[in-house]
Amino acid sequence: MVMSRNCLPNAGSTCPTKRSGETIRRWVLKFGPAIARGLRQRRPRPGDRWHLDEMVARIAGRRIYLWRAVDQEGQILDLLIQPRRDKRAAAKLMRKPLKKQGFAPKLAVTDKLRSYAAAFQALGLTCRHEQGQRMNNRAENSHQVVRRRERKMQRFKSAGSAQRFLSVHAAVHNTFYLQRHLISRSTLRKFRAEAVAHWQAAVVEA
């Protein structure tokens with residue numbers, strides 16, 4: 001997370017970007033969850049088309065699966081790190097955004113993993129379910145931040161640290177993610193100003 005000079009309370013007169021990585025890491029651990037909560041509270045209602053996907057990664061030599069749910073605009077609804085790729089993990093992923101958002105999607109898009117259909121049936125979901133390898137690019141693209149981290153060999157040390165980082169990152173991503181190719185420059189400036197205002201308000205509350 002990139003931090004500006006005034007992004008955190010009691011930051012002092014020295015710009016945080018000049019401090020050590022360990023100092024920034026501790027700031028993120030201390031203030032990140034509170035800032036993320038504030039950002040989530042300011043997000044508008046997500047779309048009703050949900051894309052779900054899972055990717056495999058290694059943490060401390062162990063294989064884990066990162067499950068992710070996003071809407072049709074790319075807003076991250078939730079993410080979950082699980083040791084398995086089965087019906088129980090798929091149901092747990094779906095249960096969280098259902099509870100948080102308070103409504104069920106009209107359409108769910110997944111890959112061809114059978115666990116999704118079994119999980120939907122167990123949860124009593126009646127929405128349309130589409131499956132296909134290339135139909136779920138929206139969710140797959142959302143995994144890129146984790147792939148970049150792996151390529152740089154800055155691997156997560158534990159599943160807990162990965163869950164904490166990715167949860168905070170998702171809230172920040174949702175706030176500043178703008179589909180700039182679909183809007184005019186003036187609209188982009190307006191949306192950016194709103195995002196910065198939401199960020200500053202969340203920081204003050206933290």
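Summary table
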item	result
Rg and Dmax [Cα atoms of the range 75-133; Å; Rg one decimal, Dmax integer]	10.9, 29
Potential lengthening between Ala60 and Gln121 on full extension [0.36 nm per residue; Cα-Cα distance subtracted]	18.5 nm
Fully extended contour minus Cα-Cα distance, from Ala201 to Leu188, at 0.36 nm per residue	2.7 nm
Rule-of-thumb Rg ratio for the range 162-206 [Cα; 2.2 N^0.38 Å; N residues]	1.33
Given Lys87/Lys157; Lys157/Lys190; Lys30/Lys96; Lys30/Lys99; Lys92/Lys157, the pairs whose alpha carbons are separated by over 31 Å	Lys157/Lys190
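Bear in mind these aren't lab numbers, they're just calculated from the coordinates by the rules spelled out. No experiment lies behind these values; they were computed from the predicted model shown.
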